[in-house]
Each structure stands twice: as structure tokens, then as C-alpha cells.
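Here's the structure, in C-alpha cells; my notes come after.
The values are calculated or read from the model by the stated rules, or taken from the named source; none is laboratory data. Keep in mind that what you see is a predicted model, and the values were worked out from it rather than measured. Counting neighbours? That spans all protein chains shown, and the Cβs are built from the backbone with ideal geometry, glycine included.
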Amino acid sequence: MKDTIPPDHGVLAEALRRRVLEEPALTDLALRQAVAASAQGGPAAPPPYDALARQIGEAAFRVTDAQVASVVTAAGTEKAAFELIITAAVGAGLLRWQLASKAIEEARDAPA
């Protein structure tokens, strides 16, 4: 059996963050960064993106067809809207991952 090196999840999370929030894409970089921040509970993104991003960050299963339709209209294409929706999901997911990682580290450092 071959020994494998476990993946460094911190490196993978950072690569995902850079790919989504720093590299060129169909939608504007500043808008993607604002959408991700909004999904993390940060400053508001421009309307109508903010309502959808916050909903994704809080409870994605409650996103409505109307929220998605307003983002498709504002973004101009379904592909651009999809990119922004994914950005919100990645922003929310990375925040949860960071909080969980911090909790695990604190638990490791706690006295037995």
C-alpha cells in the first residue's frame, strides 16, 4: 500500500479564494469581492446582488426564483449570474471553513 500525503486544506482553500476573488472572470472583480463579503455577513454588495448573497450566506435553501431572476437580469446573462451565485457560495463556505479551522486549532491548543 502506497503512503499518501494528506492534502493541505489551507493551501486548497487559499487557492480557491484566489481563483474566485482575484483572477479575471466574466464578471467584474470588485463585484465578485463585494458579493463574497456580503455572503459572509460583511458590507452590502450593490442591489440586487446583496439580497441573494446574504440569503446564500444565511440559508441557501431559501433562495427564491425572484432573487435569482433579478440577478440574471442585472448581470446580463445566466452565465454571469451563475458566476456571482458561485462566488457567494464560495465566500460563505470559506468563512465557515475558516471558523471551523480556528475552532479545531483552539481545541488542539486547549489543555487536556
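So, of the residues in the range 23-46 that are touching a residue at least 12 places away in the same chain (Cβ under 8 Å) and in a loop (DSSP other than H, G, I, E, B), which turns out to be nearest to LEU99 (Cα to Cα)? Explain how you work it out, then say what you get.
Of the residues in the range 23-46, the ones touching a residue at least 12 places away in the same chain (Cβ under 8 Å) are 25-27, 31-41, 45-46.
Filter once more, so that each one left must be in a loop (DSSP other than H, G, I, E, B): 25-27, 40-41, 45-46.
Values: ALA25: 27, LEU26: 30, THR27: 28, GLN40: 11, GLY41: 13, ALA45: 22, PRO46: 26 Å.
Going through the qualifying residues, I end up with GLN40.
Here are some conditions: (1) closer than 20 Å to ALA25 by Cβ; (2) buried (at least 17 other Cβ atoms within 10 Å of the Cβ). THR73 meets all but one. Which one does it not meet?
So the condition that THR73 fails would be (2).
Filter the range 1-22 for residues that are in contact (Cβ under 8 Å) with a residue 60 or more places away in the chain and within 12 Å of VAL90 (Cβ to Cβ); which is surrounded by the fewest Cβ atoms within 10 Å (Cβ to Cβ)?
LEU16
Hey, among ALA30, ALA34, ALA39, which residue is in contact with a helix residue (DSSP H, G or I) (Cβ under 6 Å, 6 or more places away or on another chain), of a type in the set (A, V, I, L, M) and either within 14 Å of LEU95 (Cα to Cα) or modelled with pLDDT of 95 or more (or both)?
ALA39
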